[in-house]
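S.K.: The structure follows.
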Amino acid sequence: MSGKPEIWFYHLERSTLDQVLPTLLEKTIERGWRAMVKSSHSHRLDDVDELLWTFREDSFLPHGRADQPHAERQPVLLSETGENLNGAQALFIVDDADMGATEGFERCFIIFDGRDEPALQHARGRWKTLKDQGADLAYWKQSDEGRWEKAA
């Protein structure tokens, strides 16, 4: 690994974060990777914590909080600081949280709500900054049928 992750922007237009995030986390775990979800808002992490227990009636996603015991054991770690305590390969950025240090991650997902003008503008600015820094970027949007398509 080069030390610089692939950075994938996910532009939410037809789905919500609560609909998309659990599926992306499941795919990450199926790949054999660990994940970290970073938000700068503890209330958002509370919501994600609850969501990962309840998004399916027949299962849940094993996860924990970075500020709780055994953070290093968690397949999915919810964090405000972004310290990679669980050795995650995938970093999920929500709510315009700062990316922080991305060395050591294979892939970074920046998920933003395209229906929220400030979030859209923040994502555009972040894309430009990262592109100017030579980051390995990809942009994903949903088709009319709701499937994810790589658009850039």
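The values are calculated or read from the model by the stated rules, or taken from the named source; none is laboratory data. In this text the structure is predicted, and so the values were computed from the model without any measurement. Because the Cβ atoms are built from the backbone with ideal geometry, glycine has one as well, and the counts that use them run over all protein chains shown. The protein model used for the area step is the full one, side chains on, heavy atoms only, and it has no ligands, DNA or RNA in it. Shrake-Rupley method; radii C 1.70, N 1.55, O 1.52, S 1.80 Å.
S.K.: In whole Hz and in residue order, list the ³J(HN,Hα) couplings for segment 102-110 that follow from phi through the Karplus curve 6.51 cos²θ - 1.76 cosθ + 1.60, θ = phi - 60°; x for Gly and Pro.
M.R.: In residue order, the calculated couplings are 10, 4, x, 8, 7, 8, 10, 10, 10 Hz.
S.K.: Just reorder His70, His43, His11 by solvent-accessible area, largest first, 1.4 Å probe, all chains present. All intermediate terms of the calculation are to be shown ahead of the outcome.
M.R.: Working: His70 90, His43 115, His11 20 Å².
Output order, biggest surface exposure first: His43, His70, His11.
S.K.: Rg to Rh for the chain: what is it, with Cα atoms only and Rh by Kirkwood?
M.R.: Details: Rg = 14.7 Å, Rh = 15.7 Å.
Radius of gyration relative to Kirkwood radius: 0.94.
S.K.: Can you give me the long-range amide H partners of Asp136? Hydrogens built in the peptide plane at 1.01 Å from N, cutoff under 5 Å, separation of 5 or more residues or another chain.
M.R.: Amide H neighbours of Asp136, under 5 Å, 5+ apart: Ile7.
S.K.: Of all GluC sites (Glu not before Pro) in segment 1-77, which ones are in loop regions per DSSP and have a Cβ with at most 13 other Cβ atoms within 10 Å? Provide the component values of the computation, followed by the final result.
M.R.: Details: sites: Glu6, Glu13, Glu26, Glu30, Glu50, Glu57, Glu72; in loops: Glu13, Glu57.
Qualifying residues, ordered by number: Glu13, Glu57.
S.K.: In Å and whole numbers, how far do the C-alpha atoms of segment 5-92 stretch along each principal axis, longest first?
M.R.: Principal-axis extents of segment 5-92 (Cα, largest first): 35, 32, 27 Å.
S.K.: To continue, here is another question. In sequence order, what are the phi-derived ³J(HN,Hα) couplings for segment 54-65 according to the Karplus relation 6.51 cos²θ - 1.76 cosθ + 1.60 with θ = phi - 60°, rounded to whole Hz, with x for glycine and proline?
M.R.: Residue by residue, segment 54-65 yields 10, 5, 10, 6, 9, 6, 9, 9, x, 7, x, 9 Hz.
S.K.: Next question. Under the 0.36 nm per residue contour assumption, what length would be gained going from the current alpha-carbon distance of Glu72 and Glu50 to full extension? Mind dumping the intermediate values first?
M.R.: Details: separation 22, 0.36 × 22 = 7.92 nm, distance 1.99 nm.
Once the chain is fully extended between Glu72 and Glu50, it gains 5.9 nm.
S.K.: Got a sec to turn the phi values of segment 26-41 into Karplus ³J(HN,Hα) couplings, 6.51 cos²θ - 1.76 cosθ + 1.60 with θ = phi - 60°, whole Hz, x for Gly and Pro?
M.R.: My calculation for segment 26-41 gives 4, 5, 5, 5, 4, 6, x, 9, 9, 10, 10, 9, 10, 9, 8, 10 Hz in order.
S.K.: Can you work out the accessible area per residue across segment 19-152, with the rest of the protein chains kept in place, probe 1.4 Å, in square angstrom?
M.R.: Details: 7310 Å² over 134 residues.
About 55 Å² of surface per residue is accessible.
S.K.: Please arrange Asp95, Asp46 by accessible surface area, largest first, computed with a 1.4 Å probe and ligands excluded.
M.R.: On the way: Asp95 45, Asp46 80 Å².
Correct descending sequence by accessible area is Asp46, Asp95.
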